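**Q** Have a look at the structure that comes next, please.
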Amino acid sequence: MNQEKSGRIPGTGIWELFLDNLVLLGLIFIIIFFSLKNPFFFSYSNARSILRQLVPIGIYSFPVALLLISNSIDLSLGAVVGLSAVVGIEAMNAFGFAFGIFAFLGVGLAAGLLNGMLVSYFRLNPVIITLGTQIIFRGLSLSVSGGRSGVPPELFLKIFRLELLGFRLEVFFMLGVMILSYWVLHRNRLGRYLYAAGENERAAFLMGVKVQNLRFLMHTLVGLAGGIVGIISVAKVGLSSGSLGQNLTLPVIIAILLGGIDFGGGAGKITSVIVGVFFIGILEAGLLILGVTEFLQQVIVGAVLILAVCTSALRRGRLLKR
Amino acid sequence: MKVKNSKSAGQVNSAFLTKTRTKLLDFITTNGLLVALILFVIFVAVVKPSILKWSSLEGIIRQSTDIAVVAFPLALLVIAGSVDLSLGSVASFSAIVMAKTALVYGFPIGVFTGLSVAVGIGLLNGILVGYLKLHPVVTTLGGLTLWRGAALLLTNAKTIGMGAVPGWILDYGIGLNTLLFLPVHFYILTVSYLVCWTLTHKHRFGERLYAVGGQEKAAFLVGINTKMVKLLAHTIAGFGAGLAGFMMFFRSGAVHGTDGDGLEFRALTIVLLGGISFQGGKGKMKGVLVALFFITFLRYSLVLLRTPLYLQHMASGVLIILALFMDSLLTQRAEKRGSGS
Amino acid sequence: MVADPKNSTVVINNLSVAYGTIKALNSVSLSIPPGQIVGLVGHNGAGKSTLVNAITGAVKPSSGEIRIDGEPVDYTHKSSPLYMARLGMKVIHQEPSLIGILSVADNITFRTQGEKRSRKERIEIAKEALKRVGSSLDPQKPVSSLGFGDRQIVDLARSLLGTVKTLLLDEPTAALGREETERLHRLLQDLSREGKAIVYVSHRLRDILEICDRIVVLREGKVVMDQPNREITADTLSEAVCPNVEGSADTAQGLENRRGEILKALWRGKSYSFYSGEIVGLFGMAGGPQFDFVKQLYGLGSESLEITLEGESCRVQNPREAMKRGICYVSADRERESLFHYRSARSNLCIPWLNRLSFWGLVSKRRMKEEYERVRGFLNILGPSQDSTIDKFSGGNRQKHVLGRWLMNTEGIKLLLLCQPNQGVDIRARADIARALQKARERGLTILVASSEVDEISHLTDRAYVCESEPWQEVRRSPDWEIKLMEALLLGVKRKEVLS
């Protein structure tokens, strides 16, 4: 009278192997594709500029991936970046460099705190809530900036455009974030708690995991990451505006989905997310190089998102289930 | 309920008070929005009496039709337990298609094509969410970007469609001409409300919507084709978006790729404020109607009161959060009360 | 009293738990000494789960007390495993709370001291723990790849880390095969030899007789038997467990009423026949094959049965197809699979028949109201008006709505499949339901009742198959029917064997 739980064993089998590496294959494919279309693509200088474009997505993707694993989401990403940039630069221009940096980070942190509180303690649906906070943050940044662009002080640009070994500091920072996330998720018990909270909240709670606090912490970290990305974005573009970060939310979500993490929580690896980040980063860069209009880009990004959802669902064995 | 009064003599009174309090709370939660709307109207009327002029009210009705045509089908969809975050982009895209086709083949064919495209997109979403069981939020987020991009791409971000709408129709659209003293928009709003209301509360499809949204497994077990229900709901939402596209076109005689930006979020706010639970399986259409007027009135009066743009923006965000708050509060109260042994 | 309270690990003293006027537990006294395996048995509603809940602190007693290792149980902790661990008690549930994506080692060390160690060390700790429970599972495998039996082993291994004085197993073997059950039993014997007190709660009388030193039988909230295993026979046990069944008056004529064969189903190589106008029970252990059988008849589950329905051979692939062929189904999980909680009672009742109750798609409220009134009379539904939400009705009356769904339209239905229909249903409602089912039977309907409760079977059905072993054994209604059913269940194939 053995009742085996029906359903395949994940992680084995040809099909799973194929899916796991599908994104990697896709990555190789688009690199080849773009290089053929434009030989400049496959050059060192281009790689550097791609990396530069990639960093904001990269830095954001990892904390958000951890958040998703614990079964929550933050869709206000881009707006937080915009808000922190606007407030940060205004503060910097008014009160000095250090204060400005604090402002950047503080705004991100506050945003994360707000989201975390609403989602964890008031137990509201994270999707809708963060859509709501996104609107609020966007509105706030428009108001603070008054529609104008802010100019960062010289010192700011000097520091954040510093290069080490030919790469800007931010690249190393992203590397650090990657390594830290990997360590947290795969080598630390905190990561195990995240998986537990995402997969079976009740079981985790009964086992003593403070699920609410955990999610709250994750939201706050994501917010903080937003502040940091704000700094980097301003350094990259050279000015702050209320609409900064607008094109950030979707690529981050895509990167994570391509990394095999989906909205159900409880599964995913950092290494896959890395591949996902590179995929979307290179895709966007490639489209730019090809001279594709931003509108066609939008179409492609949207389509890729839908495809990413499909692959992510496939990998979790959810697709086509009865 | 904590009883703060002292015992014996106080006990009877406090029991009565808590009972009244519960009844009051009940009334507020079910009709709260209506109460808020009335209070708000009174408030604004006092501050700026010009709002009670017919031209203002007529303007409000005309403005709210765009969103109404999307909000009611969206409510239907949310009741079924799904959602569509791409409706604004679909509306825009379908309007563009309408305009482009109309310029070549004439207005009727243009409208037909545009509406068909919107229905087709709704159908596609229905397949992705209903049959492939993809997560509706992310999938339609993709659609949001995709169709917006497509709309801008097809027009190169220029306004198009001038001259495509026949003059006499445009007159109705702009509000120059009225039908029985009311703008055509009013009739469109009424018809879309009635259709959605009938579908949800009088038609057997509505019973199935609630069943699928409320308890999908149970619906499956009583023989309801849950996939088909979701597919239909998404298709209806798509049609609503197409209709909104038509409204945008017909209202001004021209369309731009950025029209309807944020439409879906405004519609979602209305749906949630109207008492439709995001979980699915709960809520009534008439709540959505009240919420619609509330939001539109709010927007209009904020403009009238010269509130800065960003505050108006933020108001939407705050409202969504408030709506969710209320929804979760109600669900928790119902769970405490209703789950008797 | 068999055990001396002074030396016992778990002492229950005059415990009563009342829900309103109904006493789920009535002055229960019980002691569980260290080194003894005590079996706790009772049919559904006898108070078994209430007692377990009281021991773990999930439920507050109305009077009396429970002490674990001298400490009175504190109900504010609501059976949190951490609190239980402090009292030295570990509870093993049928569905272990494990995190599928993590490895066996990670699960075993989760939220324990060992968690902070390095990966290698954790694997070692896990290996030790597994060895202790006699398992050589690879600690690096993800838990999601394990079957029920292995998951339970992981749960056990995890539980035994740290000091455990009392082990409470709640239906531990429900999903296990023969070998795994034996392995578990050997382990329990080792543990009791080490001096642990073990409470073994189960439906499976055979397992209880096999492993327990002492057996306690609960019936209607009272302890009706508390004796050492060697003093008990299969007969006396079955008799003690069987509840007082009432009101099964009309069913005696059951088999005379039946007409032609309506269904022939092939299950594990043998074909079983069911006739029009009869109510047939499918009796087995909790989670047994009778439920799978019924589900597959309705098109649920991954396989489909080969059946001959009214002479036509077919395979039902999904519920819609089943309904078209006149087969209907009531799930055992009423709250999650049968009821639409926010909908009105009327909606809940009429939901499968929307096509018939509407003109041009528009639902006829008038006709729905009429149908509701008809069913209300038929099933004697008690409660608020049909416009109120279904949640305002009591459990028994909710079930009447669920059953009424199908019973209201008996013309189109050939076969009604019920899973544990009396679960959570009070006695009065049960009588109403039984009456309604009998009337339906008279109209020629065939009803299958899959259950693990003997009183349900004896109350509702004309004849029953005992699904404990293959081929199924048919047991017909007779004066001592319940006991015969229990024995058949207990002993599997051999009916006359007596364990002593």
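Read-outs: derived from the displayed coordinates by stated rules, not from any lab. None of these values were measured; they are calculated from a predicted model. Glycine gets a Cβ as well: all are built from the backbone with ideal geometry, and neighbour counts include every protein chain shown.
**Q** Among DSSP beta bridges lying fully in the protein assembly as shown, give the percent that are antiparallel, nearest 5.
**A** Taking every DSSP beta bridge with both residues in the protein assembly as shown, the antiparallel ones total about 55 percent.
**Q** Let me make sure I get this right: for the range C:250-491, a, b and c are the square roots of the gyration tensor eigenvalues over alpha carbons, sorted descending. Under 1.5 in a/c it's rounded, otherwise prolate if a/b > b/c, else oblate. Which is it?
**A** prolate
**Q** Treating the range C:384-500 as a set of equal point scatterers at the Cα positions, no solvent, please give the Debye-formula log₁₀ I(q)/I(0) at q = 0.12, 0.15 Å⁻¹.
**A** Log-scaled intensity ratios, in q order: -0.51, -0.74.
**Q** Once you order the gyration tensor axes a ≥ b ≥ c over the Cα atoms, which shape class does the range B:123-238 get: rounded for a/c under 1.5, otherwise prolate or oblate by comparing a/b with b/c?
**A** oblate
**Q** Work out the FRET efficiency for A:ARG123 and C:LEU82 from their Cβ-Cβ distance, taking R0 = 22 Å, and round it to the nearest 0.05.
**A** So, using R0 = 22 Å, E works out to roughly 0.50.
**Q** How much FRET efficiency would the formula 1/(1 + (r/R0)^6) give for C:SER136 and C:VAL164, where r is the Cβ-Cβ distance and R0 is 30 Å, rounded to 0.05?
**A** 0.85
**Q** Okay, moving on. Which one of A:ILE261, A:ILE30, A:ILE101 has the biggest mean-square fluctuation once chain A is modelled by GNM with Cα springs under 10 Å?
**A** In the Gaussian network model the winner is A:ILE30.
**Q** Right, another one. I'd like the projected area of the range C:1-140, averaged over all directions, using the convex hull of its alpha carbons. Report it in nm² with one decimal.
**A** 10.5 nm²
**Q** A follow-up question, please. Along the charge dipole of the range C:250-491, which of C:MET408, C:ALA429, C:GLY299 sits closest to the positive end, that is, farthest toward it, with unit charges on the beta carbon of Lys, Arg, Asp and Glu (+1, +1, -1, -1)?
**A** Result: C:MET408, furthest along the dipole toward the positive end.
**Q** Ratio of alpha-carbon Rg to the 2.2 N^0.38 Å globular estimate for chain C, to two decimals, please.
**A** 1.05
**Q** Where in the range B:43-122 are there trypsin sites (Lys or Arg not before Pro) that are in a DSSP coil and have at most 13 other Cβ atoms within 10 angstrom of their Cβ?
**A** Taking the range B:43-122 and a limit of 13 other Cβ atoms within 10 Å, the loop trypsin sites (Lys or Arg not before Pro) found are B:LYS53.
**Q** Ok, one more. Count of lysine pairs in the range C:388-497 with Cα atoms under 17 Å apart, counting only pairs 8 or more residues apart in sequence or on different chains?
**A** Final tally of qualifying lysine pairs is 5.
**Q** Further, regarding this structure: Grab the DSSP H runs of the protein assembly as shown that are 4 residues or longer, score each as -39,500 (n - 2.57), total them, divide by all residues and round the 222 nm result to the nearest 500 deg cm²/dmol.
**A** Computed mean residue ellipticity for the protein assembly as shown: -18500 deg cm²/dmol.
**Q** Looking at chain C, what % of its DSSP beta bridges pair antiparallel, to the nearest 5?
**A** The answer is about 55 percent antiparallel.
**Q** Taking the Cβ of C:ASN14 as the centre, find all other residues whose Cβ is under 14 Å away and add up their charges (Lys, Arg: +1; Asp, Glu: -1).
**A** After counting each charged neighbour, the total is +2.
**Q** Then there's this: Note the full-extension length gain between A:PHE97 and A:LEU190 as 0.36 nm times their separation in residues minus their Cα-Cα distance, in nm to one decimal.
**A** 30.0 nm
**Q** Another question, then. Can you count the Lys pairs in the range B:36-326 whose Cα atoms are under 24 Å apart, with each pair 8 or more apart or on different chains?
**A** Lysine pairs meeting both conditions in the range B:36-326 amount to 20.
**Q** Roughly speaking, what % of Cα-Cα pairs in the protein assembly as shown are separated by over 53 Å, rounded to a whole number?
**A** 30 percent
**Q** Another question about this same structure. Starting from the Cα of C:LYS196, draw a straight line to each of the aspartates and glutamates and keep only those under 16 Å, dropping any in the same chain fewer than 8 residues away.
**A** In chain and number order, the partners are C:ASP4, C:ASP69, C:ASP213.
**Q** Taking every residue in C:300-312, how many Cβ atoms of other protein chains lie within 10 Å of its Cβ, on average?
**A** Average neighbour count from other chains, rounded to a whole number: 1.
**Q** Under a crude label model (7 Å from the Cα following the beta-carbon direction), how far is C:THR410 from A:PHE172 in nanometres?
**A** Between C:THR410 and A:PHE172, the label points sit 8.4 nm apart.
**Q** What percent does the relative contact order of chain A come to when contacts are Cα pairs within less than 8 Å and at least six residues apart?
**A** 31 percent
**Q** Quick one: Cα convex hull volume of the range C:282-383, Å³ per residue?
**A** 166 Å³
**Q** To the nearest whole percent, what portion of all C-alpha pairs in chain B is separated by more than 35 angstrom?
**A** Roughly 27 percent, once rounded to a whole number.
**Q** Also, I was wondering about something else. Would you please state which residues of the range A:270-289 a label at A:LEU36 would reach in this model, taking the label point 7 Å out along Cα→Cβ and a backbone N cut-off of under 17 Å?
**A** A:283, A:286-287
**Q** What whole-number value in cubic angstrom gives the convex hull volume per residue for the C-alpha atoms of the range A:41-314?
**A** Spread over its residues, the Cα hull of the range A:41-314 gives 129 Å³ apiece.
**Q** With a sphere of radius 13 Å drawn around the Cβ of A:ALA285, what net charge do the other residues whose Cβ falls strictly inside it have (Lys, Arg +1; Asp, Glu -1)?
**A** +2
**Q** Still on this model: Compare the Cα positions of B:MET285, B:VAL70, B:LEU124 along the charge dipole of the range B:36-326 (+1 at Cβ of Lys, Arg; -1 at Cβ of Asp, Glu; about the Cα centre) and return the one farthest towards the positive end.
**A** B:MET285
**Q** If you don't mind, there's one more thing I want to ask. Where does the range A:80-237 land on Rg(C-alpha)/(2.2 N^0.38 Å)?
**A** Ratio of Cα Rg to 2.2 N^0.38 Å: 1.18.
**Q** So which aspartates and glutamates can A:LYS37 reach, going by Cα to Cα under 18 Å and dropping same-chain residues fewer than 8 places off?
**A** Those aspartates and glutamates meeting the cut-off are A:GLU284.
**Q** Okay, moving on. What longest region of chain C stays clear of trypsin sites (Lys or Arg not before Pro) that DSSP places outside H, G, I, E and B and that have at most 11 other Cβ atoms within 10 Å?
**A** So the longest stretch without any such site is C:1-258.
**Q** In whole Hz, what ³J(HN,Hα) sequence does the range A:97-106 give by Karplus (6.51, -1.76, 1.60; θ = phi - 60°), x for Gly and Pro?
**A** Residue by residue, the range A:97-106 yields 4, 4, 4, x, 4, 4, 4, 3, 5, x Hz.
**Q** Could you identify which residue out of A:GLU90, A:GLU154, A:GLU201 has the top mean-square fluctuation in a GNM of chain A using Cα springs shorter than 10 Å?
**A** A:GLU154
**Q** If the reach is capped at under 12 angstrom between alpha carbons, list the aspartates and glutamates near C:LYS127, excluding any in the same chain fewer than eight residues apart.
**A** C:ASP106, C:ASP138
**Q** Still on this structure, please answer the following. Give the relative contact order (percent, whole number) for the range C:18-151; include only Cα pairs under 8 Å separated by 6+ residues.
**A** Relative contact order of the range C:18-151: 16 percent.
**Q** Which one of B:ALA267, B:ALA218, B:ALA291 has the biggest mean-square fluctuation once chain B is modelled by GNM with Cα springs under 10 Å?
**A** B:ALA218
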